[in-house]
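Input: a single structure, listed below in structure tokens.
The values are calculated or read from the model by the stated rules, or taken from the named source; none is laboratory data. On a predicted model such as this, the values are computed, not experimentally measured, just so you know. Here the Cβ positions follow ideal geometry from the backbone for every residue, glycine too, while neighbour counts run over all protein chains shown. To get the accessible areas, we keep the full protein, side chains included, count just its heavy atoms, and leave off ligands, DNA and RNA. Shrake-Rupley method; radii C 1.70, N 1.55, O 1.52, S 1.80 Å.
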Amino acid sequence: MSAPAEKRINELRAVINEHDYKYYVLAQPDISDEEYDSLYKELEKLENENPALITPDSPTQRVGKDLTKEFATIPHRFPMLSLANSYEESELHDFDRRVREGLSAGEKVEYVVEFKIDGVSINLNYTGGRLKTATTRGDGFEGDDVTANIKTIRSVPLLLKNFEKHREELADIEVRGEIYMEIDEFKKLNTERAEKGEKLFANPRNSAAGTIKMQDPRIVASRPLKIFTYYLLNSKDTGTTHFKNLELLKKLGFRVNSHLKLCGSISDVIEVCSEFEKLRDSLPYEIDGAVIKVNSLTQQRRLGTIAKSPRWAVAYKFRAKQAKTMLKGITWQVGRTGAITPVAELDPVFLAGSTISRATLHNYDEIKRKDIRVNDIVIIEKGGDVIPKVVSVETSSRKDDSIPTQPPSVCPSCGSVLFKPESEVAYYCENTMCPEQIKGRLSHFASRGAMDIEGLGDALIDLFVDMGFLHSYDDIFELYTRRDELIAIERLGEKSISNLLASIEECKKQPFSKVLFALGIRYVGAGVAKKLASQFLSIDKLISANEDEISSVYEIGPSISKSLSKFFEDEHNVKLVGKLRQHGLNFTEEKKEIEENFFLNKTFVLTGSLSNMSRDEATEKISSLGGKVSSSVSKKTFAIIAGEEAGSKLEKARSLNVRILNEEEFLRLLEEGSQ
Ligand code: IVH
């Protein structure tokens, strides 16, 4: 290892970092691409000759070579909250009133208004000025470790600029921001995907979300992702205002959106929101609203948090984009649960980045209520979710040819007579062998959040069901016996079938919680499946549990437990589990060993209101650290956590000599526990 080489390596890294900053953050490069490439190559060469000198924060290390097997989860030091939404001016006044009520009378309040970037939120941890981890929001308490992918985004600094000046106070900080893709880049990516016959992304946000969850950082590096940062969290509490923190973020080398305004009153805020809304269509990226934050950090702290959102910030969502078009017909779609839903077949119309020819009509009651008829001119809208919906009818332009619709009496797929439960609006096909239901179930089973079988998309599922190869989940694992038949199908071929069979084999590694979710049991979504799996640890225990035992699990209610009992009462389903088990799918989970911490195996009681989190959140935190939360104080109670206005439980704790923790102590212990 030579000293001159080390010196030059350090020098080159500093120079390259500076050029990256100028190019990717400021968008003001001052050297040519050739000059940049030659510096980069020189650094690569020196590092190759001196591998011992390679450090993870070198600009050459943005793209790692290793595939991520499965993302590890990392707990968030500060929960990643979401924002309460508002849509009307009056709701912004309500927000302002609540803020003032939470502070002293007559106190001055300033607000910062920013763009609400429509991307994916990310948490960046910088320790000692170096990017240590990048995590997704996850459930708000813990997220996926996507560091390797985020490092490939050149506008994310690997080293903080000007760190020396702030070494002490910024020793360990979290920076929150939004990863997004520009609209043109998204369109380009989709065009390329269409050419390769790959599935298209619905919008720029989905393409950013899909990209940061990819297993191969090299592909991530090739996708044009960017970041805007919008919040600094520092347990040292040195900052004074949010506005100053944003200035500081810029000095540290982060991209901060330039559209931000400091306002002295809520009427100024409202004005800025409408200015921002007007800019919406002229921007190269998508925004779906404005975010309003109390500027003073002390005031933010005093206002605290309710439920899952801070009291000191609110999102003002812009109206969804609308378009008008003709309703050419109404078709009925059969979902995986057998529910029949009406779909509007539209004259194709362009709306917010894509051409729309179908929209949801929700259910028959809704069609009647809105008096939607075929041949009407309808207003459609793309809301927060991807699927467009029909909002209303333009009755003024209705002609004599408008035709009211009746719900079908038989299933449009299998012809069996439909059934409508009294308490529901939907009509159901009760034939579990109905081809459309089978397709829906298989599509759910293979989907990314469930068994994640790459290559087994809807088109292939349709084909295999129609050919009689697939009826039930376990048939997927018999497909290999038909290898030659599958290869012979036009369009498929040897390579795609080999890949498909390999990903079917690979999916057997999915953990029990994902398998449980994949089974498609009503009300058992991904989150519920995770809770059930970690509580019961095996499908056998879950099958033998009664409804009461199931609903005693935190956050599992009676409709979930009923649905589970009903599912396992059906002996076909129990047999199905047996077959899937034989194919090697995971139906057990190891008990997670929780490291020794203050809360482990102790019982706590919560009382009064906490200003930083809701009771549910506090309960969740304690359970995740292996503690128990009980509703009444007894001798078994280890400690009570007393928020503001704690009442009789506090008295009881005092009389029983039970330890009393205030919110501050509780938060400190939580922080220690989750490290
Ligand atoms: S502040 C407690 N600022 O909107 C601070 N969020 O529902 C919370 N977002 O999860 C976030 N632009 O992903 C903030 N300028 C901005 C934002 C922003 C977009 C996203 C973020 C958050 C969601 C809020």
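In table form, for the structure just shown:
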quantity: Equivalent ellipsoid semi-axes, the range 380-445, via Cα gyration tensor eigenvalues times 5, rooted, Å; calculated: 29, 19, 12
quantity: Cα-based reach from Lys188 at 20 Å (exclusive), listing aspartates and glutamates while leaving out same-chain residues under 8 positions away; calculated: Asp118, Glu198, Asp281, Glu286
quantity: The range 56-123, accessible area per residue, ligands and nucleic acids excluded (1.4 Å, Å²); calculated: 51
quantity: Leading residue at positive end of dipole, the chain (Cβ point charges), from Phe445, Leu516, Val658; calculated: Val658
quantity: Kirkwood hydrodynamic radius (C-alpha pairs) into Stokes-Einstein, the range 136-177, 4 °C and 1.567 mPa s, D in µm²/s; calculated: 105
quantity: Listed residue pairs exceeding 29 Å between alpha carbons, taken from Lys621/Lys652; Lys69/Lys495; Lys261/Lys370; calculated: Lys261/Lys370
quantity: Relative packing of 288-300, 643-655, which averages over residues the other C-beta atoms within 10 Å, highest first; calculated: 288-300, 643-655
quantity: Protection proxy ranking, peptides 268-280, 518-530, 394-406, average beta carbon neighbours within 10 Å, highest first; calculated: 518-530, 268-280, 394-406
quantity: Charged-residue dipole, Cβ positions (Lys, Arg, Asp, Glu), the chain about Cα centre, Debye nearest 20; calculated: 920
quantity: Residue (of Ser648, Val113, Ala3) at the positive-pole extreme of the chain, dipole from beta-carbon charges; calculated: Ser648
quantity: Distance from the range 517-533 to the range 462-501 (C-alpha centre basis), Å; calculated: 27
quantity: Amide H partners (placed H, <5 Å) of Asn363, local residues excluded; calculated: none
quantity: Alpha carbon Rg of the range 383-541, scaled by the compact-globule rule 2.2 N^0.38 Å; calculated: 1.33
quantity: Average projection area in nm² (convex hull over Cα atoms of the range 154-270, one quarter of hull surface); calculated: 9.8
quantity: Dipole magnitude of the range 1-95 about its Cα centre (Cβ charges: Lys, Arg +1; Asp, Glu -1), debye to nearest 20; calculated: 580
quantity: The range 521-587 - Kirkwood radius from inverse mean 1/r over Cα pairs (Å); calculated: 12.1
quantity: Accessible surface of the range 523-589, 1.4 Å probe, proportion on carbon and sulfur as whole %; calculated: 50
quantity: Magnitude of the charge dipole, the range 342-457, Cβ model with Lys/Arg +1 and Asp/Glu -1, debye to 20; calculated: 40
quantity: For the range 596-675 versus the range 289-321, the gap between their alpha-carbon centres in whole angstrom; calculated: 27
quantity: Fraction of beta bridges assigned by DSSP in the chain that are antiparallel (%, nearest 5); calculated: 85
quantity: Highest average packing first - 478-489, 216-227, 26-37, Cβ atoms within 10 Å; calculated: 216-227, 478-489, 26-37
quantity: Violating pairs (Cα-Cα greater than 21 angstrom) within the set Lys22/Lys161; Lys132/Lys308; Lys541/Lys579; calculated: Lys132/Lys308
quantity: Inverse mean reciprocal Cα-Cα distance (Kirkwood Rh) of the range 284-421, Å; calculated: 17.9
quantity: Compactness of the range 341-433, expressed as Rg and Dmax over alpha-carbon positions, Å; calculated: 14.8, 44
quantity: Unit charges at the beta carbon, dipole of the chain: most positive-side option, Val390, Phe228, Phe95; calculated: Phe95
quantity: Helical contribution to [θ] at 222 nm, DSSP H n ≥ 4, -39,500 (n - 2.57), averaged over the chain, rounded to 500; calculated: -10500 deg cm²/dmol
quantity: The chain - Debye-derived log10 I(q)/I(0), Cα point model, q = 0.08, 0.11 Å⁻¹; calculated: -0.78, -1.47
quantity: For the range 22-89: Kirkwood Rh in Å [reciprocal of mean 1/r, alpha carbons]; calculated: 16.8
quantity: Surface share of carbon and sulfur [accessible, 1.4 angstrom probe, percent] for the range 348-429; calculated: 53
